[in-house]
Amino acid sequence: MLLTLTGGAGAGKTTLAAALVETAPHTPVRVLHGDDYYFHTPDRGVWAPDEAGTPRLDVGDPRSMDAERLGRDADAALATAAYVIVDGMFAHHIAPGTPHARFDVFVDLPADLRLARKIRRKCLSEGFPLDVLLRNYVEHRRDAHTRHVEPVRHVCDLVVDATLDPHTVARDVWSAITNRADTQSS
């Protein structure tokens, strides 16, 4: 089964993916991280110059992700794993080449908490300049979330509250998957 975790930057998708692996009722489980599938050269994806004129990939746009490669990797992983979890802002956009059972989860967290988590991770832990992060958020990321991420909420199978403990949420996700399978088999 393909399990996607979609939500805004800093919502806790990767944290939830780890908790899903730890609480998985079935093994094996593979995780693919959407952040590993962004394009790296200006000939693919959406690029725009920053304030210094340097081209930067717009990671807030789903066209900047190599969804074809992610789909191929998901197909390969599904050949050997009972569950493949794809986490990323645009995980819902994945379309594997072969049909698989699928369950889409929207990881929901208020914007202020997503921004606070992003500041803690990028600025405090990784040394990214706070002024650049805040400028990017105000000028690009907030609008990109509204255009590309938030609409997916309404087409996902389950919306989870990322303010809760990740292991609790993971158990709720596995329970929802089991309940859906039971409903479809009866």
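Checking ALA111 against (1) crowded, with 18+ Cβ neighbours inside 10 Å; (2) within 16 Å of the chain's Cα centre (by Cα); (3) farther than 27 Å from ARG180 by Cα; (4) not charged (D, E, K, R), only one condition comes out false. Which one?
(1)
May I ask you to list the residues in the range 30-55 that are assigned to a loop (DSSP other than H, G, I, E, B) and either of a type in the set (Val, Ile, Thr) or buried (at least 16 other Cβ atoms within 10 Å of the Cβ) (or both)?
Passing the criteria: PHE39, THR41, GLY45, VAL46, THR54.
Check ARG142 against each of (1) within 14 Å of LEU3 (Cβ to Cβ); (2) surrounded by fewer than 17 Cβ atoms within 10 Å (Cβ to Cβ); (3) more than 15 Å from the chain's Cα centre (by Cα) and name the one condition it does not meet.
(1)
Out of TYR83, TYR137, report the one residue that is hydroxyl-bearing (Ser, Thr, Tyr) and in contact with a Pro (Cβ under 9 Å, 6 or more places away or on another chain).
Going through TYR83, TYR137 in turn, the sole match is TYR83.
How many of the residues making up the range 61-80 are assigned to a loop (DSSP other than H, G, I, E, B), exposed (fewer than 15 other Cβ atoms within 10 Å of the Cβ) and in contact with a helix residue (DSSP H, G or I) (Cβ under 8 Å, 6 or more places away or on another chain)? Before you say what the answer is, go through the steps one by one.
From the range 61-80, those assigned to a loop (DSSP other than H, G, I, E, B) are 61, 66, 79-80; that's our starting set.
Now narrow it down to the ones that are exposed (fewer than 15 other Cβ atoms within 10 Å of the Cβ): 79-80.
Of the ones still in play, those that are also in contact with a helix residue (DSSP H, G or I) (Cβ under 8 Å, 6 or more places away or on another chain) are none.
The number of residues fulfilling the criteria is 0.
When the range 3-43 is examined, which residues are found to be farther than 22 Å from PRO110 by Cα, in contact with a helix residue (DSSP H, G or I) (Cβ under 8 Å, 6 or more places away or on another chain) and among the charged types (D, E, K, R)?
GLU22, ARG30
Quick check on this structure: which one of ASP157, ASP104 is touching a Lys or Arg at 6+ places or on another chain (Cβ under 8 Å) and modelled with pLDDT of 95 or more?
It is ASP157.
Looking at PRO25, PRO96, PRO49, which one is free of Cβ contacts under 8 Å to residues at least 40 places away in the same chain and of a type outside the set (Ser, Thr, Tyr)?
PRO49
The values are calculated or read from the model by the stated rules, or taken from the named source; none is laboratory data. Everything numeric in this text was worked out from a predicted model, so none of it was measured. Methodologically, a virtual Cβ is constructed for each residue, glycine included, from the backbone with ideal geometry; neighbour enumeration extends over all protein chains shown.
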